Amino acid sequence: MNRLHPDTLEGLHAAVQLPAYDRSSVRPGILHLGLGAFHRAHQAVFTEQAMAASGGDWGIIGVCMRSDRVAQQLKPQGNLYSVMSEAADGYALRVIGAISDVLVAPQELDRVVEAIASPAISIVTLTVTEKAYCLAADGKSLDRSDPVVSADLAEPSQPSSTVGMLALGLKRRLEDGGAPLTLISCDNLSANGAKLESILQDYLQSVFPEVLSWFKKSLAFPSSMVDRIVPAMTGEKKQQQSDRLGLLDEGAVSTEPFMQWIIEDNFAADRPDWDSAGVLVVADILPYETIKLRLLNATHSAIAYVGLLAGLETVDQVMADIGLRKFIEGLMAEDLMPALEVPANFELEDYRDALLVRFSNPCLGHRCQQIAMDGSEKIRQRWLPTLQDNSHPEKLLKALSAWCHFILCTDIPIEDPRGRQLRELRTGAEAIDKRLDAVLACLRIVPDTLADYFGVHKQIMQNLDILEEQGVRQLLN
Ligand code: CS2
């Protein structure tokens with residue numbers, strides 16, 4: 001089978017949608033940090049549609065933050081890749097041409113810095129995951145005890161953290177004329193724009209304070225809410241997608257039909273015609289991101305942990321399991337939805353119904369293990385605010401107990417930025433109630449952040465007993 005490449009496009013099956021603009025004349029206008037599957041199925045697709053509708057030099061320079069895997073997949077394909085959106089009623093395939101260039105940060109730091117500094121780039125977007133913001137316990141400032149951050153603070157000309165790379169690029173941008181720049185965080189953090197701004201400001205204050213007054217004047221950090229379920233690619237899926245495409249695509253991304261991007265109306269300079277691609281630009285983003293994090297993502301994490309404990313592999317398997325689905329629906333209706341403030345004209349029940357359909361999509365094979373990753377970062381964003389607002393959300397506490405049980409009492413591998421600490425707690429000799437305190441502290445659930453901490457702790461201890469003695473289904477009943 002030939003490989004996907006600008007020269008092999010005649011080998012594509014007829015129904016595949018191609019870039020509808022002259023790709024060879026497009027120059028880059030966006031730099032994206034974190035060239036994973038999510039970006040390629042989300043912001044890159046919106047930008048592709050915007051260029052097809054209204055043109056513009058909005059090619060994307062995509063940066064791989066750690067490994068060169070995606071560069072190896074895309075570069076031999078002239079940076080083309082396909083996106084397949086699929087549900088039970090069929091699939092659609094399109095080839096995306098929006099990626100103009102791919103850089104690998106650890107090997108090409110100078111080029112990344114140069115791109116951040118380039119006046120041709122007027123937007124930087126980020127999907128670097130929650131943990132890469134290295135937020136301290138206050139949720140605003142930089143965690144200076146993080147080894148990557150402290151190494152960058154000591155040697156700011158050779159950064160490896162996201163904040164360090166951006167800071168060095170911004171310093172250079174100012175030296176090169178100081179063109180305005182919009183930086184858009186697309187990670188699942190509430191007030192993600194404000195968080196990005198505050199960690200950068202914090203870092204710059206220590207290493208390049210001369211940049212700060214320009215920073216305040218010429219940069220914009222709109223918050224944004226991104227939504228599309230993008231499971232990690234598997235070998236089998238890649239093969240299926242390549243067969244449907246008619247060409248081998250090593251960079252293939254597979255996803256659901258739904259996609260949404262809402263951005264706060266706060267830009268420092270020009271932007272692609274994203275509006276024509278369906279992006280909503282709004283004055284107040286907070287209600288939308290809160291609903292998404294505290295309903296979609298919160299439910300997703302619950303599905304992942306109860307699913308893993310029940311021995312199920314994927315989200316749709318959990319949704320097809322009558323007992324577990326009943327628990328999930330109850331969690332949404334009784335604990336998560338009542339704690340939300342909903343904007344006028346927003347139909348929360350419709351949103352919930354759509355989520356249940358999306359989670360049940362049998363084509364995605366979205367693994368519980370993928371969502372379970374980085375729980376200590378995610379739960380803080382997704383569950384803690386609801387715990388703080390509700391007096392005693394019974395089902396959410398069961399979900400939290402499931403996470404604690406998964407950490408403390410199973411041998412399911414833990415992939416988490418606090419993995420070492422959590423693994424030590426798993427095997428630790430201390431009594432379980434003490435280890436539970438430490439596990440909860442990893443989520444910043446401590447007496448200072450949760451009024452009814454001791455009641456919550458007691459309830460989780462009881463739930464842990466049931467999980468240990470009778471299993472997850474018994475607890476959720
Ligand atoms: C998921 C999200 O892996 C996870 O933690 O909850 O990636 C989720 O699929 C997206 O936020 C959906 O927009």
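If the viscosity is 1.306 mPa s and the temperature 10 °C, what translational diffusion coefficient in µm²/s does Stokes-Einstein give for the stretch 204-276 when Rh comes from Kirkwood over Cα pairs?
Using the Kirkwood radius from Cα pairs, D works out to 97 µm²/s.
Rg/Rh for the chain to two decimals, with Rh computed the Kirkwood way over all alpha-carbon pairs.
That ratio is 0.96, to two decimals.
Using 0.36 nm times the number of residues separating residue 429 and residue 214, minus their current alpha carbon distance, what extension gain do you get?
Full extension from residue 429 to residue 214 adds 72.1 nm.
Can you bin the stretch 71-187 into rounded, prolate or oblate? Criterion: square roots of the alpha carbon gyration tensor eigenvalues sorted a ≥ b ≥ c, rounded for a/c under 1.5, prolate for a/b above b/c, oblate for the rest. List each step's numbers first, then the result.
Details: a/c = 2.09, a/b = 1.50, b/c = 1.40.
Prolate shape, in that a/c is at least 1.5 and a/b is the bigger ratio.
Tell me the GluC sites (Glu not before Pro) within the stretch 348-425 that lie in a loop according to DSSP and have at most 14 other beta-carbon atoms within 10 Å.
Here the sparse-neighbourhood loop sites are 415.
How long is the stretch 1-109 along each principal axis, judged by its Cα atoms, biggest number first, in Å?
The Cα atoms of the stretch 1-109 stretch 42, 31, 29 Å along their principal axes.
Over what distance in Å are the Cα centres of the stretch 76-96 and the stretch 321-373 separated?
Each part reduced to its Cα centre gives a spacing of 26 Å.
Report the one residue of 314, 145, 245 whose Cα lies farthest in the direction of the positive end of the charge dipole of the chain (charges on C-beta: Lys and Arg +1, Asp and Glu -1; origin at the Cα centre).
The listed residue farthest towards the positive side: 145.
Taking H as built 1.01 Å from N, whose amide H comes closer than 5 Å to the amide H of residue 252, not counting residues under 5 places away?
Hits under the 5 Å cutoff: 82.
If you take every residue apart from residue 397 with its C-beta less than 12 Å away from the C-beta of residue 397, what net charge results, scoring Lys and Arg +1 and Asp and Glu -1?
-1
5 Å is the cut-off here: which amide hydrogens, built 1.01 Å from N in the peptide plane, fall below it relative to residue 120, excluding neighbours closer than 5 in sequence?
Residues meeting the criterion, in which the H sits 1.01 Å from N, do not exist here.
For the stretch 6-282, state what percent of all Cα-Cα pairs lands in each successive 10 Å bin, counting from 0 Å until the bin that includes the largest distance.
Histogramming the stretch 6-282 at 10 Å steps yields 7, 30, 36, 20, 7, 1 percent.
What spacing in nm lies between the two simple spin-label points modelled at residue 120 and residue 452, each 7 Å away from Cα in the Cβ direction?
Computed distance between label sites residue 120 and residue 452 equals 5.8 nm.
Does the stretch 62-140 come out rounded, prolate or oblate by the C-alpha gyration tensor, with a ≥ b ≥ c the root eigenvalues, rounded set by a/c under 1.5 and, if not, prolate when a/b is larger than b/c and oblate if not? Display every interim value, and only then the final one.
Details: a/c = 2.05, a/b = 1.31, b/c = 1.56.
Oblate is the answer for the stretch 62-140, as a/c is 1.5 or above yet b/c matches or exceeds a/b.
Which percent of the Cα-Cα distances in the stretch 239-356 go past 21 Å?
It works out to 56 percent of all Cα pairs.
Using the Karplus curve 6.51 cos²θ - 1.76 cosθ + 1.60 with θ = phi - 60°, what ³J(HN,Hα) values do you get for each residue of the stretch 24-37, in whole Hz, with x for Gly and Pro?
Calculated HN-Hα couplings, in order: 5, 9, 7, 9, x, x, 10, 10, 10, 9, x, 7, x, 4 Hz.
From Cα pairs below 8 angstrom and at least 6 apart in sequence, can you work out the relative contact order of the chain, rounded to a whole percent?
Averaging sequence separation for qualifying contacts and normalising by length gives 15 percent for the chain.
Normalised by the residues of the stretch 6-282, what does the relative contact order come to in percent, with Cα pairs under 8 Å and at least six apart?
Relative contact order of the stretch 6-282: 24 percent.
Only counting other Cβ atoms within 10 Å, I'd like 39, 457, 300 sorted with the fewest neighbours first.
Ordered from fewest to most neighbouring Cβ atoms within 10 Å, 39, 457, 300 come out as 457, 300, 39.
In whole angstrom, and with the biggest value first, how far do the Cα coordinates of the stretch 149-203 range along each principal axis?
30, 29, 15
Pick out, in residue order, every one of the trypsin sites (Lys or Arg not before Pro) in the stretch 1-104 that is DSSP loop and has at most 16 other C-beta atoms within 10 Å; say none if there are none.
Numbers: sites: 3, 23, 40, 66, 69, 94; in loops: 66.
For trypsin sites (Lys or Arg not before Pro) across the stretch 1-104 that sit outside H, G, I, E and B with at most 16 neighbouring Cβ atoms in 10 Å, the list reads 66.
Please label the shape of the stretch 333-385 as rounded, prolate or oblate, based on the square roots a ≥ b ≥ c of the eigenvalues of the alpha-carbon gyration tensor (a/c under 1.5 means rounded; beyond that, a/b larger than b/c means prolate, else oblate). Numbers along the way, then the final one.
On the way: a/c = 2.85, a/b = 1.22, b/c = 2.33.
Because a/c hits 1.5 or more and a/b fails to exceed b/c, the stretch 333-385 counts as oblate.
Kindly give Rg over Rh for the stretch 287-476, based on alpha-carbon atoms, with the Kirkwood expression for the hydrodynamic radius.
Rg divided by Rh gives 0.95.
Out of residues 5 or more away from residue 103 or on other chains, whose amide H comes under 5 Å of its own, with H placed 1.01 Å from N in the peptide plane?
62, 63, 64
Each reported figure results from applying straightforward, stated rules to the coordinates on display, with no laboratory input. Given the structure is predicted, the values throughout are model-derived calculations rather than measurements. When we count neighbours, we look across all protein chains shown, and the Cβ atoms used for this are built from the backbone with ideal geometry, even at glycine.
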